[in-house]
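The values are calculated or read from the model by the stated rules, or taken from the named source; none is laboratory data. Predicted model, so just to flag it, every value in this text is computed and none were measured. Methodologically, a virtual Cβ is constructed for each residue, glycine included, from the backbone with ideal geometry; neighbour enumeration extends over all protein chains shown. Calculation scope for accessible area: heavy atoms of the full protein, side chains included, ligands and nucleic acids excluded. Shrake-Rupley method; radii C 1.70, N 1.55, O 1.52, S 1.80 Å.
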Amino acid sequence: NEKPTALIMIFGATGDLANRKLFPSLYNLYAKGQLDKFAVVGVARRSLTNEEFQLRVKESVTEHGEAAANLDEFVSKFYYHSHDVTDSSSYIALGKLAEELDENYRLDGNRIFYLAMAPEFFGTIAEHLKKDKLTNVTGFKRLVIEKPFGHDLESAKVLNKQIRTAFSEDEIYRIDHYLGKEMVQNIEVIRFANAMFEPLWNNRYISNIQVTSSETLGVEERGRYYEKSGALRDMVQNHMLQMVSLLAMEPPIKLTTDEIRSEKVRVFRALRPIIGEEVNDYFVRGQYGQGSMNEKEVPAYRQEEMVDPDSNTETFVAGKLMIDNFRWAGVPFYIRTGKRMKAKSTKIVIQFKDIPMDLYYQREQTVNPNLLVIHIQPEEGITLHLNAKKSGQGTEATPVKLNYANKGIDGLNTPEAYEKLLYDSLRGDATNFTHWDEVALSWSFVDNISAVWENTNEHSFPNYESGSMGPEAADKLLKNDGFFWWPVT
Ligand code: BG6
């Protein structure tokens, strides 16, 4: 495996994402010997010297990662360019620096442009990169772009058109950091490398699937962004729908980027649109009120900084998705995500149908359905819920669990999602990034829901207490179908 070689330009290099995730991830790759010939240019508005920037990188790695002796050598490859995103001369200067570094470090003319900053500039930057010739490279050029990718389908199309002037679809790496999570990547392996799951993975044997991603944090300092986004755009349009597509896709004919993507796209195409009045039957929104988290009182969403005191932005969404194809007809996929909930936890529960006849129905005790639980975070692993004989006299059945803990087996910490995705973008593997077709189809699904929510004036927010599992209506959503949310904590 040849080590990737590239000049990495990080736009938004003084921002939170670069600081918390990108620098420590790059360092980890370096420390593991996976990065060899590279240099980084940090690009941002404020003026900093290379030395000041290197110091920030060092601090970021020390604070958020595991720094070792070679940290000085690592940061010596970092340069800084103070930038005005709308000014051509600034891009031209950046281009000169890039050429110098390319030559000094022998980077084969390969360039990664990583946009880790406010989305309103994505289009402008891409257009300037082309116009001011930064994309005239002798090696590869790739654009790595963070969400939000638009605000709805229309704005996503505009943005896509802008970036496509400078980069072709296969040069665009749209990050969905959930696709870098170890156990999200494991969904395919669990499904397609085991003889015992795939034959049951359909509407004959699965009764419903539940995907929960709950957070304990509130909106923190992101009120300005979140007010315009809400949980539907922030989590459902991307992370939640991506997990659903991996759970529901057909086996690809090969494990190549194109084959996997095309199977995922087919799931989005089969996703039943929820339109108009149906939205109230299929979706529930919530907003957190005050409450107590770890014995500490926390404020309601409407009291948070940069949030309208009458805000109708949702901080919780639960929904029922139907995938209208042969495999999934009739099987609800329930999703739920929210802030200020009881626990930080992402889990997938696959509930199998009941056995045809319950021989062990005794003394009001019946066998429990089989569950396959995929623990995405904080624990990583799978649990299979089965029934076995209760020890002792008699033939009573009792629930048992088979556990596989990812960390325990491999004996090492799984790499951060960003580390894997950065490495993939450097190697040119776009499998765990979202293709434009997936973005477009998920926006059209989500737009139908926001259209209804944004035009309804009736609200009874806040409707869930901080520290709870969301509004009651989310429980009713399943109860109406004869199910309940399996506990995730
Ligand atoms: C981000 C959202 O995409 O995902 C945040 O913008 C959210 O609002 C975060 O907190 C959750 O990610 P994770 O990895 O902590 O589950």
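Against the conditions (1) loosely packed, with under 14 Cβ neighbours inside 10 Å; (2) over 25 Å from Ser155 (Cβ atoms); (3) in contact (Cβ under 8 Å) with a residue 12 or more places away in the chain; (4) of a type outside the set (A, V, I, L, M, F, W, C), Asp84 satisfies every one except (2). Every condition in (1) assigned to a helix (DSSP H, G or I); (2) in contact (Cβ under 8 Å) with a residue 40 or more places away in the chain holds for Glu127 except the one numbered (2).
Results for (1) open to solvent by 10 Å² or more (accessible area, probe 1.4 Å); (2) among the hydrophobic types (A, V, I, L, M, F, W, C), shown as yes or no for each residue.
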position: Asp170; (1), (2): yes, no
position: Ile187; (1), (2): no, yes
position: Pro199; (1), (2): yes, no
position: Tyr205; (1), (2): yes, no
position: Gln210; (1), (2): no, no
position: Ser214; (1), (2): no, no
position: Tyr226; (1), (2): no, no
position: Ala231; (1), (2): no, yes
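Screening Glu100 with (1) among the charged types (D, E, K, R); (2) at pLDDT 95 or above; (3) not in a helix (DSSP H, G or I) gives one miss only, at (3).
If a residue must be of a type in the set (Lys, Arg) and within 12 Å of the ligand (Cβ to nearest atom), how many such residues does the stretch 332-352 contain? First the steps, then the outcome.
Going residue by residue through the stretch 332-352, those that are of a type in the set (Lys, Arg) are 336, 339-340, 342, 344, 347.
Within this subset, residues satisfying the condition of being within 12 Å of the ligand (Cβ to nearest atom) are 339-340, 344, 347.
Counting residues in the stretch 332-352 that are of a type in the set (Lys, Arg) and within 12 Å of the ligand (Cβ to nearest atom) gives 4.
Can you find even one residue in the stretch 380-401 that is within 16 Å of the ligand (Cβ to nearest atom) and either open to solvent by less than 50 Å² (accessible area, probe 1.4 Å) or modelled with pLDDT of 90 or more (or both)? Checked against the condition, which is being within 16 Å of the ligand (Cβ to nearest atom) and either open to solvent by less than 50 Å² (accessible area, probe 1.4 Å) or modelled with pLDDT of 90 or more (or both), the stretch 380-401 yields at least one hit.
Would you say Lys3 is within 19 Å of Arg142 (Cβ to Cβ) and touching a residue at least 60 places away in the same chain (Cβ under 8 Å)? Walk me through how you get there before you give the answer.
Numbers: within 19 Å of Arg142 (Cβ to Cβ): yes; touching a residue at least 60 places away in the same chain (Cβ under 8 Å): no.
Taking the combined requirement at face value, the residue does not satisfy it.
Selection over the stretch 57-79 of residues that are within 28 Å of Asp108 (Cα to Cα), open to solvent by less than 80 Å² (accessible area, probe 1.4 Å) and assigned to a helix (DSSP H, G or I) gives a count of 6. Can you spot a residue in the stretch 461-482 that is open to solvent by 40 Å² or more (accessible area, probe 1.4 Å), farther than 22 Å from Phe149 by Cβ and in contact with a Pro (Cβ under 8 Å, 6 or more places away or on another chain)? Yes; the residues of the stretch 461-482 include at least one that is open to solvent by 40 Å² or more (accessible area, probe 1.4 Å), farther than 22 Å from Phe149 by Cβ and in contact with a Pro (Cβ under 8 Å, 6 or more places away or on another chain). State whether one or more residues within the stretch 323-338 are open to solvent by less than 20 Å² (accessible area, probe 1.4 Å) and polar (S, T, N, Q). Yes, the stretch 323-338 contains a residue that is open to solvent by less than 20 Å² (accessible area, probe 1.4 Å) and polar (S, T, N, Q). Keeping to the stretch 220-255, report how many residues are within 12 Å of the ligand (Cβ to nearest atom), more than 24 Å from His375 (Cα to Cα) and either part of a helix (DSSP H, G or I) or among the β-branched types (Val, Ile, Thr) (or both). So the count comes out to 5.
If you take the residues of the stretch 174-219 that are within 16 Å of the ligand (Cβ to nearest atom) and part of a strand (DSSP E or B), which of them is farthest from Asp16 (Cα to Cα)? Only one residue tops the list, namely Val211.
Can you tell me how many residues within the stretch 71-116 are acidic (Asp, Glu) and touching a Gly at 6+ places or on another chain (Cβ under 7 Å)? Step through it out loud before you land on a result.
Restricting attention to the stretch 71-116, the residues satisfying the condition of being acidic (Asp, Glu) are 72-73, 84, 87, 99-100, 102-103, 108.
Going one step further and asking which of them are touching a Gly at 6+ places or on another chain (Cβ under 7 Å), we end up with 102, 108.
Count: 2.
The condition of being under 26 Å from Lys479 (Cβ atoms), in contact (Cβ under 8 Å) with a residue 12 or more places away in the chain and either assigned to a loop (DSSP other than H, G, I, E, B) or of a type outside the set (Val, Ile, Thr) (or both) holds for only one of Ile348, Ile274, Ile376, Ile335, that being Ile274.
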